[in-house]
1. Can you list the GluC sites (Glu not before Pro) in the stretch A:604-693 that are in a DSSP coil and have 14 or fewer other beta carbons within 10 angstrom?
2. Express in whole angstrom the spacing between the alpha-carbon centres of the stretch A:380-397 and the stretch A:591-670.
3. As a quick test, which of the pairs A:Lys78/A:Lys593; A:Lys141/A:Lys593; A:Lys593/A:Lys727; A:Lys727/A:Lys799 have an alpha carbon distance above 32 angstrom in this structure?
4. Once you mark the chymotrypsin sites (Phe, Trp or Tyr not before Pro) that are in a DSSP loop and have at most 15 other Cβ atoms within 10 Å, what is the longest gap between them in chain A?
5. Expressed in nm to one decimal, what extension gain is obtained for the pair A:Thr236 and A:Glu651 from 0.36 nm per residue of sequence separation less their Cα-Cα distance?
6. R0 = 25 Å: FRET efficiency of A:Arg536 with A:Thr744, Cβ-based, nearest 0.05?
7. Over all alpha-carbon pairs of the stretch A:421-512, lay out the pair-distance distribution in 10 Å bins, whole %, shortest bin first.
8. Relative to the present Cα-Cα distance, how much length would full extension add between A:Ser707 and A:Gln380 at 0.36 nm per residue of separation?
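FYI, it's all coordinate maths here, none of it is from the lab. Note that this is a predicted model, so its numbers are computed, not measured. Cβ atoms come from the backbone with ideal geometry, glycine included; neighbour counts cover every protein chain shown.
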Amino acid sequence: MWYQTAPMHERYNPAEIEPRWQKRWADERAFSVGDATGKDDFYLLEMLPYPSGRIHMGHVRNYSLGDVFVRHLRMRGKNVLHPMGWDAFGMPAENAAIERKRHPRDWTYENIAQMREQIKKLGFSYDWDREIATCDASYYKHEQAMFLRMLEAGVAYRKAALANFCDHCQTVLANEQVEEGKCWRCGNNVRQREMQQWFLRTTKYAQELLDGHKELEGKWPEQVLTMQRNWIGRSTGAEIRFALKNPVDGVNELSVFTTRPDTLFGVTFLSIAAEHPLATRLAAGTPREKEVQDFADRIRAERRVRHDVGEANKEGVFTGATCLHPITGAEVPIYVANFVLMDYGTGAVMAVPAHDQRDFEFAQKYKLPIRVVIQPEGAQPLDPATMTAAYVEGGFMVNSGSLDGTLNEIGKEKVVALLAEKNAGRGTISYRLRDWLVSRQRYWGAPIPVIHCETDGVVPVPQKDLPVVLPEDVEITGEGGSPLARHESFVNVSCPKCGKPARRETDTFDTFVESSWYFDRYTTPRHEAGPVDGERARNWLPIDLYIGGIEHAVMHLLYARFWQRVMIDLGYFPKDTPREPFAALLTQGMVCKEFYHRQDALNPAHTLYFYPEETELREGTRVVIATGEPVEIGGVVKMSKSKRNIVDPDEIVSKYGADSARLFVLFAAPPEAQVDWSEAGIEGASRFLQRVWRMIRDRREMLLTTSPYTSGELSENAKTMRRTLHKIIDRVTRDLGERRQPNTGVAAMMELLNALTAFEAKTAAEKSVLREGVDALVRLLAPFAPHIADELHEHLGGKGTLLHASWPAFDADAVHEDSVEIPVQVNGKVRGRVRLANDANEATALAAAQADANVAAHLQGKTVKKTIYIAGKILTLVAV
RNA sequence: GCGAGAAUGGCGGAAUUGGCAGACGCGCUGGACUUAGGAUCCAGUGGGGUAACCCGUGCAGGUUCGAUUCCUGUUUCUCGCACCA
């Protein structure tokens, strides 16, 4: 293949350079990678995007971070897997169908095509041979097969449950998808509705998911681990059974969960949730029946509209029933209370008003007894009559029979032992984590592969009939639930077991199911026989570095960790496959920008937002061009369409080039911090590349006839240049390596450019040092700004891309100095500097310091009481 | 309320292991070149002071010869969770 090398123009012109190199990389399939080789393999992945149609700056940042590491790793000889694909199922496609009368499939694939082009224009080095789209039947058929195995293994199951239902999206949501009582997607209120739903038994893995964090410490952001830990919400306590005084319908006890068994002797009543099966039955047939029923109904109804989350007033009603304290035998009343949750613990709690704030408030309101059983050490004894809040700290047990005087922490175990003896309870662990609700009443998702038969119940779709392909001839109106349920030929099937007419399941999977294993699929993306070719796939795992947004801290990352374990346990992978799929995680910050707004004159409650181009500066005030009205400058917030503060990557690429865009987002802030978009900032990045271009162009003739320095005597000037060069090589190497801080790497390269520009190469040896430095700069630049780097490399006589060129080697000798200048402090302040031999001892250092005029002046009239000498670093004199 | 994180010039940020605070970039100031400059190049740029020097990393303490870094308290902000028994 022959490529025309452009002449080296006066000015750097990314618009000409970038498409040429992109074509070359593509033609050479430069980013394709084979199987893991077992040596120097590296799997780097960025979270797969939803194909909304256009990429945004958040994507640019995410992929720039990934690509800079990937390209660096390749140059260091790693075999890097760096794939890209599409999280292609999901609601926006259905909304597009409703709003624009486009079929979700067409809309999705067009978006994919468009975004793929945008990504390619940025020069990211993906192995496109491994591309996947999760909406493709060749992908989801494996998901369906896995689900059937999970069904067999009891990991997947179906139950009627109160589910979070979003009326707007007409679908149920997992707990994780409800944010402040609202749907995470559309923001509408979520209500509770009882439905038959499919679940995956994430709770079975709760402990393992928690334990797995140990392996991730230091490699995942602490924040993410904390969020997951809180979400799993493990608490240690006891399950205690209280015998009902009068059994109802054969039920003779009520079980509660508590983390404070040490307060058992302080129980003065029991509280149960309105949804608890016993709530209404306890009062059935008594004068209280109606009151209890009404109360339970009301609380349940209130909970159906969950928008007002927060601590409501404590409220409850006496059921009329009582139970017996398992140790003292005392009679304890049972209340239905609004603050007890059915889906945590057992849905019933033992109330210890003296030592639990909620119970305290409840007891005060309903004039229930308060009994102190924990006494703080060395403080005034607590008095129920004067207490204004529950005492929840530790102390010694009192009023607790034989356990009086025991430290409450020890008392916990003793009470559990006592209960075990009486067969009334046991130590147990409770988790906040719920099973994952995976069914969605949506069209654009992977069909759940089961059939409902009147005779045989739930029947899995036989393997040979997979995949259950999503029918294409559907009418999407956005009303009346899932379009699949109205699709006659899809729904009406015969039972695979008995052959009688049956109904096909019309729910589809939550899209988090697809994103729970796509990273596995990338390893063997065209494997037909199953989701992965286990052995070959295992060799790529775990993912060495996963990069994405913090917003996926809980849901996606927890589900993926769960799914990976299930796949291993079901035998899709060899048993020794790492159970943690993501060995290291980098969560990049948002891309933000200021926004312009003003109050709507016609409707003061309404805020109007303006695009920057709709405004201009007039005499120092930013105004709306059309009306002349001043706008307020809002804070720097995440780019969003609604705030009209988005920057289109395409426009940036055509104006400044991909290299400048990449360089800017990498330079502007450390990866975890937010980046504030600034036009001036990207101009700075562009200017830097211009200066690199000019520096090389101005010296090109000389450089082309010079080879890089290898050995020989050097002038002081050249030695200094090489010292700077190799210090910077070392810095950039570590910034892209273990430090993962490309921002400081960019700064180092800028310093190198400044040094090279200032360096006057006169002798042959100095010229060879310059050539060494220029070659190194171009290579250091390659991961950040690959197009210009490859272009400059060719202009310097190199052949082909730097993609697999060697990374500049750090020469420790170049950095070595025989003497070093160190600061001299007198009483903590720097008063001078002295140049010392590397091996100078303290006495020599002190003598040199005392010889310094300024140091001497500060020591005038004082005695040096103490000397601290850190060789090569600092000399500190303490003088009085 | 609970948990986690952050706070450094006019701005984004740097300081990698407790050792010269402010690297690098933006912006700004002055100058050069120029018909022109929103291009480019040079110089300067934390505050105060003629200077010596003093002050300075949200605030108040502490440890240390030495603290942006470690400890205690506190304020503000961001994020997460939120009646979880």
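1. On the way: sites: A:Glu613, A:Glu614, A:Glu616, A:Glu619, A:Glu632, A:Glu651, A:Glu672, A:Glu679, A:Glu683; in loops: A:Glu619, A:Glu672.
Passing sites in the stretch A:604-693 are A:Glu619, A:Glu672.
2. 56
3. A:Lys78/A:Lys593; A:Lys141/A:Lys593; A:Lys593/A:Lys727
4. Numbers: sites that count: A:Trp2, A:Tyr3.
Of all site-free stretches, the longest is A:4-880.
5. Extending this stretch completely gives an extra 143.9 nm.
6. It comes to 0.10.
7. Percent of Cα pairs in each bin: 15, 37, 24, 10, 10, 4, 0.
8. Between A:Ser707 and A:Gln380, full extension yields an extra 109.2 nm.
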